[in-house]
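Right, one structure below, let's go through it.
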Amino acid sequence: MALQLYNTLTRSIVPFEPLFPDHRDADGKQVVGLYCCGPTVYDYGHIGNFRTFVFADLVRRYLEFRGYSVQHVMNITDVEDKIIRKVRETGLPLLEFTAKYTDLFLQDLDSLSCLRPKELPRATNYIGQIIALIEKLVARGIAYKTSDGSVYFSIEKYQGCGCKYGQLVNLNFEAMRVGERVANDEYDKESLADFALWKARVPEDGPVFWPSPWGEGRPGWHIECSAMSMAILGPSFDLHLGGEDLAFPHHEDEIAQSEGAGVQVPGRPFVKHWMHGAHLLVEGKKMSKSLGNFFTVRDLVAKGYTGREVRFLLLSAAYRETFNFTLAGLDGARTALARLDECIGKLQEIAGSTQATAPAAGLVDRFTQAMDDDLNVSSAWAAVFEWVREQNRLLAAGQMTPALAAAELAAWKHVNTVFGISAAAAPEAPAEIVALAEARVAAKKAKDFARADAIRNELKALGWAVEDTAKGPKLKRL
Ligand SMILES: [Zn+2]
């Protein structure tokens, strides 16, 4: 089976085929352009935001697993209504303020083992391209200037050119309040309004403004993504990702701006394949600070969880399903990962320095089959844990050979290029625990088994297990 993905544009699961099959990189791999709407850097990202970024990381990794060369782009929105408000409150220069939150965002991305996107364009570095795109829309009569020096996108004019507004979502034009105008970047989902492309400078913007053919001002949020994605990936590209809350109006507006500018080869869309990650609930409810279920990655780390456990939990449910993220789920992630780590540890012990000639087929085949089905991660994880059970059975029966262990480990390594579950950090035993373990070895050598057992129990009470392996005793946290 070939890779099949749900496309929001066609509302169906379709085979994934690159838009430009002849576009290959230096290694001969087909090149795929992928754009995912990135963060607005004015605060720490919450776990709901990171569900989307982990999802984008999964898509990129799986396309790479399938042999594509992925040009992964994620924008950093560093000028926007909320940022300007914060800049005013803190008194910090815009770039200083946004650099801080950009760094924190990237640290969180690293702690969740997300591969860094290959390009992280910042909106303020693309003002020229944004203005050029708005000029095209003005020249085609689709955008218009208002008396205050702002520029708006006209949905009516756009539709008049034979273009369709409402490609990603079904819009009820009759029921919606057509013809209104909004300056806000995020507007009411019930309003079908002309939206701002360029916002004229107002006193509250302080020093945040740029010159333009329409006077001083700053770009709207939607146009930033159109300009940056097309500047880097070209006027038509393969995949555009984001959270489902961005489908309307943000992504719909991106299509309208990009296709309205008429920069594509006739008949070719702005984006071939749209993918949207579903919402995240926390403890069964919509996240909110007042309910106490609003978590950043850092909040979870402060509670003693690791980025590895958070990533595992976020990757345990299919991306199109609303997922209920709970602390109990994180505890479950810890248990599941421990089971996986234990199995891998045993396989590593048996494999020793034996190198695999090729990865064992079973796991890789079952994993690929599951993931080809619109990235069915739950089924892919089921294949992994079935594999763990099978390895444990072989280990218990003494049927695991170094060659087999090496081949199975190679299979897991291959699959894990997609899951990106980092190796477990081996906990460092404190000096007193190491001293006890050494005392136990000495007792055993002296054939004082009662003392050796007593030390084992003492270690257990302190939260450590000692396992005798071919290479000597090994300490493990309980
Ligand atoms: Zn965007």
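Mind listing whichever residues of segment 58-86 are assigned to a helix (DSSP H, G or I) and either among the basic types (K, R) or in contact with a Cys (Cβ under 7 Å, 6 or more places away or on another chain) (or both)?
Within segment 58-86, R60, R61, K82, R85, K86 meet the criteria.
Go over the candidates K100, K136 one by one and state the one that is without any contact (Cβ under 8 Å) to a residue 60 or more places away in the chain and part of a helix (DSSP H, G or I).
Checking each option against the conditions leaves just K100.
Of all residues in segment 244-265, which are within 13 Å of the ligand (Cβ to nearest atom), within 22 Å of G141 (Cβ to Cβ) and not small (G, A, S)?
P249, E252, D253, E254, I255, Q257
Could you tell me whether I13 is away from the ligand (no atom under 16 Å from the Cβ), closer than 20 Å to H222 by Cβ and not acidic (D, E)?
no
Take N7 and tell me if it is more than 16 Å from the ligand (Cβ to nearest atom) and of a type in the set (S, T, N, Q). Write out each step before concluding.
Details: more than 16 Å from the ligand (Cβ to nearest atom): yes; of a type in the set (S, T, N, Q): yes.
Yes; evaluated as a whole, the condition is true for this residue.
If V54 passes every condition in (1) within 25 Å of V310 (Cα to Cα); (2) touching a Lys or Arg at 6+ places or on another chain (Cβ under 9 Å); (3) surrounded by fewer than 18 Cβ atoms within 10 Å (Cβ to Cβ) but one, which one does it miss?
(3)
Yes or no: segment 291-298 includes at least one residue that is over 24 Å from Y319 (Cα atoms), away from the ligand (no atom under 12 Å from the Cβ) and not basic (K, R).
So far as segment 291-298 goes, yes, one or more of its residues are over 24 Å from Y319 (Cα atoms), away from the ligand (no atom under 12 Å from the Cβ) and not basic (K, R).
For segment 231-241, how many residues are within 12 Å of the ligand (Cβ to nearest atom) and either at pLDDT below 95 or among the hydrophobic types (A, V, I, L, M, F, W, C) (or both)?
Number satisfying all stated conditions: 1.
Among the candidates A442, A403, A397, A429, which residue alone is modelled with pLDDT under 90 and surrounded by fewer than 16 Cβ atoms within 10 Å (Cβ to Cβ)?
Just a single option satisfies the conditions, and that option is A442.
Please identify the pairs in which a residue from segment 244-257 that is under 17 Å from G160 (Cα atoms) has its Cβ atom under 9 Å from the Cβ atom of a residue that is within 11 Å of the ligand (Cβ to nearest atom) and hydroxyl-bearing (S, T, Y), counting only partners at least 6 apart or on another chain.
Short answer, once both residue conditions are applied: D253/S226; I255/S226; A256/S226; Q257/S226.
As an exercise: evaluate A336 against (1) in contact (Cβ under 8 Å) with a residue 60 or more places away in the chain; (2) among the small types (G, A, S); (3) within 30 Å of A410 (Cβ to Cβ) and give the number of the one condition it does not meet.
(1)
If a residue must be crowded, with 16+ Cβ neighbours inside 10 Å and part of a loop (DSSP other than H, G, I, E, B), how many such residues does segment 1-19 contain?
6
Which ones in segment 25-57 are in contact (Cβ under 8 Å) with a residue 40 or more places away in the chain, out of contact with any Asp or Glu (no Cβ under 6 Å at 6 or more places or on another chain) and part of a strand (DSSP E or B)?
Passing the criteria: L34, Y35, C36, H46.
Give segment 69-115 a look and list any residue that's of a type in the set (D, E) and surrounded by 16 or more Cβ atoms within 10 Å (Cβ to Cβ), or say none.
D78, E80, D81, D108
Any idea which residue in segment 139-157 is farthest from A193 (Cα to Cα), counting only those that are modelled with pLDDT under 95 and assigned to a helix (DSSP H, G or I)?
K157
Please indicate, with yes or no, whether at least one residue in segment 66-77 is assigned by TED's automatic domain parsing to the domain that holds N125, more than 14 Å from the chain's Cα centre (by Cα), within 16 Å of the ligand (Cβ to nearest atom) and of a type in the set (D, E, K, R).
no
Among the residues that make up segment 276-287, is at least one of them closer than 30 Å to W198 by Cα, surrounded by 15 or more Cβ atoms within 10 Å (Cβ to Cβ), without any contact (Cβ under 8 Å) to a residue 60 or more places away in the chain and within 16 Å of the ligand (Cβ to nearest atom)?
Looking through segment 276-287, none of the residues is closer than 30 Å to W198 by Cα, surrounded by 15 or more Cβ atoms within 10 Å (Cβ to Cβ), without any contact (Cβ under 8 Å) to a residue 60 or more places away in the chain and within 16 Å of the ligand (Cβ to nearest atom).
Which residue out of G162, G128 is free of Cβ contacts under 8 Å to residues at least 12 places away in the same chain and within 22 Å of G33 (Cβ to Cβ)?
The conditions single out G128.
Can you tell me how many residues in segment 21-60 are within 16 Å of the ligand (Cβ to nearest atom) and of a type in the set (D, E, K, R)?
0
Tell me, please, whether a residue that is more than 16 Å from the ligand (Cβ to nearest atom), without any contact (Cβ under 8 Å) to a residue 40 or more places away in the chain and among the aromatic types (F, W, Y) can be found in segment 203-210. Explain how you work it out, then say what you get.
Just the residues of segment 203-210 that are more than 16 Å from the ligand (Cβ to nearest atom), to begin with: 203-210.
If we keep only those that are without any contact (Cβ under 8 Å) to a residue 40 or more places away in the chain as well, we get 203, 209.
Next cut, among the aromatic types (F, W, Y) only: 209.
Checked segment 203-210: at least one residue is more than 16 Å from the ligand (Cβ to nearest atom), without any contact (Cβ under 8 Å) to a residue 40 or more places away in the chain and among the aromatic types (F, W, Y).
Please indicate, with yes or no, whether at least one residue in segment 441-448 is in contact with a Pro (Cβ under 7 Å, 6 or more places away or on another chain) and among the β-branched types (V, I, T).
Within segment 441-448, one or more residues are in contact with a Pro (Cβ under 7 Å, 6 or more places away or on another chain) and among the β-branched types (V, I, T).
The values are calculated or read from the model by the stated rules, or taken from the named source; none is laboratory data. Computed from a prediction, not measured in an experiment: that's the story for all the values here. Quick reminder, even Gly has a Cβ in these numbers, built from the backbone with ideal geometry, and neighbours come from all protein chains shown.
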